[in-house]
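Only one structure is covered here, and it is reproduced in the block below.
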Amino acid sequence: MFAGPEGVPVTRELLHGSSSLPVWIVLLPLLAGALLYLIGEKRESLRKAVALGASFLALVGVAWLMPAALAGTVEYRLADFMQLGLFFKVDLVGWIFAGLIALVWFLAVLFSLAYMDHEHNRRRYYSFLIFTLGATLGVVFAGDFFTLFLFFELMTFSSFVLVIHEQNRQAMEAGALYLYLGVAGGLALFFAILLLYSATGTVSIVPLLGQLGGQRTLIYILFLIGFGIKAGVVPLHIWLPQAHPVAPSPASALLSGIMIKAGAYGILRVTLILFTPAEHGAASLWSYQSLLGYILLWLGIVTMFSGALMALLQQNAKRILAYSSVSQIGYIVMGLGAAAYMGLEGGMGFAGSVYHIINHAFFKAGLFMIVGTVYMLTHELELPRLGGLARKMPFAAAAFLVAACGIAGIPGFNGYASKTLLHDALLEAYKHFGFFSLYLAERIFVVTSALTVCYFIKLFRGLFLGPVPEKLDRSYRLPLSVRAVLGAFSLLILGIGLFPNLVLEKVILPAAHLLGFEGYGMKHLAHFHFFELHPLEAMGVVLVLALVIYLPGALRGWFNWAPPRWLSIHALLYQPLTRLFMLAVCRGGSFLDLAVGKIYDNSSSAARLWCRYIGDIDTSLDRLYERSGQVARGLADRSNRVDQALDEAYAKTGRAARRLVDRTTDLDHALDEAYAKTGQAARRLVDRAGDFDHALDQSYETAGRIARGLAREGKRFDEVLDEAYTKAGEGARRLAGKGREWENEQSRLREAGSAPSRWNPSQWNIKNLNFDSLLLAAVLGVILFIIFYYGR
C-alpha cells in the first residue's frame, strides 16, 4: 500500500515475473573471476579491462532490473541443483542492496586500477575481487535461506583471500580470525536453517513465526549469531579491527561499506519477514516479535556506543574507520530493532535503517578509499606520523571532509537524513510505550552521534592538518581514476544530502509498503520534512555536545589514552570464555584419561587371563591335532588299500560286463532268426487255414445232417457229462490241493534261496495271449471235438 494525498492507504498491485537475468548478473562476475585468474601476470591491461568490464556489466544488469523491482518481483528457480534447488527472487528490498553492491564495487575496481599498480599478486587480487562480487550479489538475490546460505558462505571464503593479500604475520592472523568467525557464523546459519526446515518444512523467506513452535528462540539466536558476525555486531565484531587495516584499501572499502551489509540484510530478512506473524490478529506472536525488536534495539545501542568509543581511542587511520563501521552498523541494527518493536507501525525504524545502509555504503567506502589514497602515496597509516596533507592533497582533503560530514550527520550531507529518521524512530517508540529504557536509548544515541563527530575531527586533524612530517614533505599527484572515484563518492553524498526526500519517496517508502508497514509512522514518512526546525535542533545539540567532548579531550590528551589490555573485549569476554572452555575440555580430558586408564588396566588383566586360557586351549588343540593326525594317517593307509581293492573289483566287473554284452549280442541275433522263422511258419499256417476253412464248410453241412442225431443222443450225453463233471470236480480239488502244496514248497525254497529259476506257470495269464492265438485254439478245439465224437 501507498499513502495517498490524504494519508489514506492506497493499494498497489505487485507484478510477479520470471526472468533469468538475476542468475546471469550473479554468474557473470563468478565466471569473470575465474577467467581473471587464467590471464597471465604480464597482461595487466587485459586484466584491468576484464575486471572493470565485469563490474560495469553487473551494474548495468542491476540497473536494468529497477523497473521490475519497483513494479513487483522477479523470480527464477534452478530446480535441479542439490535437490532443494536455487531460488532467485528480486524484490525492491533486495534490489536496493544489489544496487549499492554493484555501484560501490564498480567504483572500488576503478580505484584499484591505480592503487594495485604498486602491489603484488594482482592476478589473484582481481580474480577474487570480481568473484566475491558475484557471491555478494547472490546473497541479496536469494529467494530462500538455502540459496542465501550458499552464496553467503561463498562470499566469506572468497573475501578471505582479500584479507590475507599481504601475506605477512598480521594479515595471516587477521585472516585466520576472520575465517574462524566466518565458519562459526556459517555453522550457526546452517543449524538455524535445519531447525527452520524441520519446524516448517520450508526454507522460504516468508512470515513463519506462527509455525516455528518452541524452537523459535533458538532459531532466532542462531540466525542472529550467523548474520551478526558478518555485520560486526558487538560482541561479535572482533574481526573488523583486525581485518580492515591489513587488507588492501579497496578491499577494506568493500568489507566495510558492502559486505557487512550482507549481515545486516540477513538480520532484516529474519527479523522483519521470517519472524513476523502471517496474520494480524495473533497478539501473542506480535508481542514475541516486539520482544525480539526490543532486544535487537539495545544490541544496536550497545554496538554503536562501544564502536564509537573505541574509534575515538585509536591511532591507526584504518582502525578508526573499522571501529567506526562497528558503530555505524549499530545504528542500522538499532533501526531494525525499533521497526520490529513497533510492529506494523515500525515503518520509521525500517526507513531509517535502510536509508543509513545506503548512506553508510557511500561515505564509508569513500573514506576507506581516501585513506587508501594517503597510504598509496605515503605508505603510512599511523596518525602521529602523518599530518598537513591538506596542502599536498587538497582534492583528497576536500573529499574526506565531505564524507566525514556525511557520516557525522551534518545537514546537507547524506548521513543527516538517515540519522534523523533513526532518531525519530526512537522518539516514536518512547512516545508509544513510555519506557525509561527507551528514553535512555535515545540519550545514548545522541552521545554516540557526538562521539562520531569527535573521532572524525581527530582523524581529519591527524591526516590533513598541522605540519607536514619531513619525510612526507614532497609533492603528490593523484591518478585520474582516483580523482574520479573520490569525486563520484562526494557527489553521491552531497546529492542525497541536498535532496533526501527523493530517495525516501522513490525507493524506501515503496520498500516499507512491500513489508506491510502502516499506521502513523508511514503517514509521517510520506510527508517528512528533513530541514524543519526539530531535526535541525537535534543535530545542533549533537554538534555542541561534540565540541564539549572534543575540546577538553584533545587538550588533555584523553583521545591518546591506550586502554589496558584487561579492558579489551578479548580480556573481558573471549579470554574468560576460552579459558572456561579449555578448563572444561582439559578437566574433562583428564577425567576421561583416568577413566580410560582404568579401563585399560582392567582390560589388560582380563586380557592376560584370557591369554592363559587361550594358551591352555592351544596346547590341548596341539595334542588333539597330533592324535587326529595319527588317526588320519591310519585311515589314509586303510583307504588306500580299500581303493586298490575297489580298483580290482572295478576291473573284474568291467570284464564281466563286456562278456555279458557279447552274449546279449548273440542272443539278439538268435532272436532275429527266430522271428524270421516264426514269420514264415505263420504265413504257411495262414495258407493252410484257407484250405481248412473250405473243409470246415463241408463239415458244417455234414454236421447239420447229423445234428438231429445228436439231439437224440443229447440226453444220454448229458448224463455222461454230469458224471464227467463230478469226477472232474473231484480231480480238480485234488489238483488244487496239490497245487497249494507245490506253491508252499516253492515259497519255502525261495526263502531258502534254492528255488528253481525255470518255467513258472503262474506267469501265464490272458495278457500273454493275443486274439489270433485264441481263435486258432478255438478252431482246433471244434475240429478235435467233431473228430472225437464221430470217430467214436
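Could you work out the Kirkwood radius for segment 164-563, taking every pair of different alpha carbons, averaging 1/r and inverting it, reported in Å?
Working: mean 1/r = 0.0464 Å⁻¹.
Computed over segment 164-563, the radius equals 21.5 Å.
Just flag the trypsin sites (Lys or Arg not before Pro) in segment 14-56 sitting in loop per DSSP whose Cβ has no more than 16 other Cβ atoms within 10 Å. Display every interim value, and only then the final one.
Numbers: sites: Lys42, Arg43, Arg47, Lys48; in loops: Lys42, Arg43.
Within segment 14-56, the qualifying trypsin sites (Lys or Arg not before Pro) (loop, at most 16 other Cβ atoms within 10 Å) are Lys42, Arg43.
Just how far, in whole angstrom, is segment 534-568 from segment 201-237 if you go by their alpha carbon centroids?
35
On a C-alpha basis, how far is the centre of segment 104-174 from the centre of segment 265-286 in Å? Whole number, if you could?
Centre-to-centre (Cα) distance: 32 Å.
Take the alpha carbon gyration tensor of segment 406-500, find the square roots of its eigenvalues, order them as a ≥ b ≥ c, and report rounded if a/c is under 1.5; if not, report prolate when a/b exceeds b/c, else oblate. Don't jump to the answer; show the numbers that get you there.
Working: a/c = 5.16, a/b = 1.94, b/c = 2.66.
Taking the square roots of the gyration eigenvalues as a ≥ b ≥ c, segment 406-500 is oblate.
How large is log10 I(q)/I(0) at q = 0.14 Å⁻¹ when the Debye formula is applied to the Cα atoms of segment 71-159, each weighted equally and without solvent?
For segment 71-159 at q = 0.14 Å⁻¹, log10 I(q)/I(0) is -0.57.
Subtract the Cα-Cα distance of Asp672 and Ala777 from 0.36 nm times their separation in residues, and report this length gain in nm to one decimal.
Here the segment from Asp672 to Ala777 would lengthen by 35.2 nm.
Normalise the Cα radius of gyration of segment 312-425 by 2.2 N^0.38 Å (N = residues in it) and let me know the number. Mind dumping the intermediate values first?
Working: Rg = 16.1 Å, N = 114, 2.2 N^0.38 = 13.3 Å.
Here the Cα radius of gyration is 1.21 times the empirical estimate.
Please report the spacing between the Cα centers of segment 451-498 and segment 346-383 in Å, no decimals.
12
Give the calculated FRET efficiency between Ile614 and Met582 to the nearest 0.05, with a Förster radius of 60 Å applied to their Cβ-Cβ distance. Show your work: numbers first, answer last.
Working: r = 44 Å, r/R0 = 0.74.
Step by step, r from the Cβ atoms, then E = 0.85.
For segment 164-563, what is the accessible area per residue in Å², given a 1.4 Å probe and the full set of protein chains? Present the calculation step by step, with values, prior to reporting the outcome.
Values: 13780 Å² over 400 residues.
That works out to 34 Å² per residue.
Report the calculated FRET efficiency for Leu480 and Leu594 (r = Cβ-Cβ distance, R0 = 60 Å), to the nearest 0.05.
Numbers: r = 71 Å, r/R0 = 1.19.
Efficiency, from the Cβ-Cβ distance: 0.25.
Can you pull the one-decimal nm distance between simple spin-label points at Asn501 and Phe460, each 7 Å off the Cα toward Cβ?
So the two model labels end up 2.8 nm from each other.
Using 0.36 nm per residue of separation minus the Cα-Cα distance, give me the extension gain between Arg443 and Phe191 in nm, one decimal. Write out the running numbers ahead of the final one.
Working: separation 252, 0.36 × 252 = 90.72 nm, distance 3.73 nm.
Contour length minus the Cα-Cα distance gives 87.0 nm.
Grab the other residues whose beta carbon is less than 15 angstrom from that of Leu255, score K and R as +1, D and E as -1, and report the net.
Charge balance near Leu255 sits at +4.
Please give me, ordered by residue number, the trypsin sites (Lys or Arg not before Pro) of segment 437-532 that lie in loop per DSSP and have at most 11 other Cβ atoms within 10 Å. Working shown, then result.
On the way: sites: Arg443, Lys458, Arg461, Lys471, Arg474, Arg477, Arg483, Lys506, Lys523; in loops: Arg474, Arg477.
In loop regions of segment 437-532 (DSSP not H, G, I, E or B), the sparsely surrounded trypsin sites (Lys or Arg not before Pro) are Arg474, Arg477.
When a/c reaches 1.5 or more, the comparison of a/b and b/c decides; with that in mind, is segment 293-370 rounded, prolate or oblate per its Cα gyration tensor? Could you put the intermediate results ahead of the total?
On the way: a/c = 5.06, a/b = 1.73, b/c = 2.92.
Because a/c hits 1.5 or more and a/b fails to exceed b/c, segment 293-370 counts as oblate.
The values are calculated or read from the model by the stated rules, or taken from the named source; none is laboratory data. All of these numbers come straight from a predicted model, not from anything done at the bench. Reconstructed Cβ throughout: ideal geometry from the backbone, glycine too, with neighbour counts over all protein chains shown. Each accessible area value is taken on the protein alone, full model and side chains, heavy atoms only, with ligands, DNA and RNA left out. Shrake-Rupley method; radii C 1.70, N 1.55, O 1.52, S 1.80 Å.
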